[in-house]
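Okay, so here's the structure we're looking at.
The values are calculated or read from the model by the stated rules, or taken from the named source; none is laboratory data. No experiment lies behind these values; they were computed from the predicted model shown. The accessibility values were calculated without ligands, DNA or RNA, using every heavy atom of the protein model including side chains. Shrake-Rupley method; radii C 1.70, N 1.55, O 1.52, S 1.80 Å.
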Amino acid sequence: MEAIPARARVYVVCVVLGALYCLHGPAWAHTPWWAVALLAGPYAGGERFFGSFYPVLLAGAFLLSPSAAALVAVPGALVAPVGGRQRRLRRVWRAGRLAVAVWAAARVHEALGGRDAVVASDFPYALAPAGAAVLAFCLVLTALDGGIQALADHVPVRRAWRGLFLRSLAPIAAHGLAGLMMAVLWRSPYGPVAALLVLLPMCVSWWVFAQYHRERAAHQATIRALVQAVDIKDGYTRGHSERVGQASMMIARELGLDDERVEVVRFAGILHDVGKLGVPTRLLRKDGPLTHEERRVIELHPEYGHEMVRGISFLGEARAAVLHHHERLDGSGYPYGLRGSQIPEPARVVAVADAFDAMTSTRSYSRARPVSVALRELERCAGSQFDPRMVTALVRAVDQYGWHPAVTADEAPTLASRPPAAGVPGGAHR
């Protein structure tokens, strides 16, 4: 939500109005304000330092009236750190969505008699209403998040909600169990202090999780730095790496790979040309045809790239894709002349994505081809140069989601055209 469209702002306003309705409840006269404050304080602290601190919210849904439980979420959401621009709007959006979700969870829990079961510590009966409340909480959050993605980030509606609920359910269910434990201890003779002690081991686990996210951010920064260096060195193909990463991810998802492997394939696509840092700039920017010796130097870039990323452990299979993305199924590729299944699967994905973007992007030495023409060319070369599975997956993905190629040269193409380079059907790319 960097530049937030008007329709997304209207959506946020509607969610906030819904949250205000949820906060307006008939039971405020009987609300234990000390309990609201005792829950809102730790939740605000958790949001400030650890991120999504849902056990406290769900404990409030199990202990308080729906309106009071919704109020627990508001202070923490308003003080939580957010990135990017429009921070006030982002905080208001976060407060609104959480208030609505907690209110829904508390209403479901109350309607199923969950509060009586918590007071009586009636197990296993208390698990059923708590589970239904967690399910309602998760459904509302994913519905609202999918809506804002579709409106603010221009994500296709089907993709905005696809898999969002299932990815959220397991962690939120774990938070729900912790929240239920807090609620039962709160109502026990040990009281609220014992309930809040449940948060200590969870804070430790959240700290570990935060460390993981910081490490992941460092990984992303490493990749961005390498790609920026390639873009500076070879300005004619600026943006090519990111688009190959995107096309590789589309293929991987269409193949049904799990999320972890999809991420690896995306890294492979982004970094496939990092070895160009080892190629003389004069060759990358040469206007005329390349000599045999010059072409041999450029064809060393997969090996240079592999050497550069070999020590980066988090890349996994992506390193093999960097090395082998110019191999061909018939064995006539480089650097090792691998054929068929000898070529690693991520390399076969990146090879198709790389050629596709090369053909659909305008460069200083070649004009972009229409997407349909590029896809037909890939299909023509399937089985000899490209893996037919990868080509079919890309065709399906482009049919479903479309493709928007961009001009990668700094200026319109005016230089003399070059002969086709090895490894790209019907077009040159370096």
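With contacts defined as alpha carbon pairs under 8 Å and 6 or more residues apart, what's the relative contact order of the chain in percent?
Normalised by residue count, the contact order of the chain is 11 percent.
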ask   = What is the gain in length, in nm to one decimal, between ARG48 and ARG159 on full extension, counting 0.36 nm per residue of separation less the C-alpha to C-alpha distance?
value = 36.9 nm
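Given a 1.4 angstrom probe, I'd like the percentage of the accessible area of segment 271-378 that is carbon and sulfur, rounded to a whole number.
Carbon with sulfur: 51 percent of the solvent-accessible area.
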inquiry  = Need one number for segment 7-117: average projected area of the convex hull over its C-alpha atoms, nm².
reply    = 7.1
key: Debye log10 I(q)/I(0) for segment 298-349, one point scatterer per Cα, at q = 0.13, 0.17, 0.19, 0.24 Å⁻¹   = -0.27, -0.46, -0.56, -0.84
inquiry  = Are there DSSP H segments in the chain that both extend 27 Å or more along their axis (alpha-carbon positions) and score a mean Kyte-Doolittle hydropathy of at least -1.0? List them, or say none.
reply    = 87-111, 127-152, 164-187, 199-233
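Please give the length that would be gained between THR291 and VAL10 if that part of the chain were fully extended, namely 0.36 nm times their separation in residues minus their C-alpha to C-alpha distance (nm, one decimal).
So the chain would gain 95.2 nm between THR291 and VAL10.
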ask   = For segment 90-214, what is Rg from Cα atoms divided by 2.2 N^0.38 Å, rounded to two decimals?
value = 1.20
ask   = What's the Cα-based Rg to Rh of the chain, Rh via Kirkwood?
value = 1.10
request  = Taking only protein heavy atoms into account and a 1.4 Å probe, give the accessible area per residue of the chain in Å².
outcome  = 46
task = Measure off, as a whole percent, the carbon and sulfur share of the 1.4 Å-probe accessible area of segment 77-177, all protein chains present.
result = 64
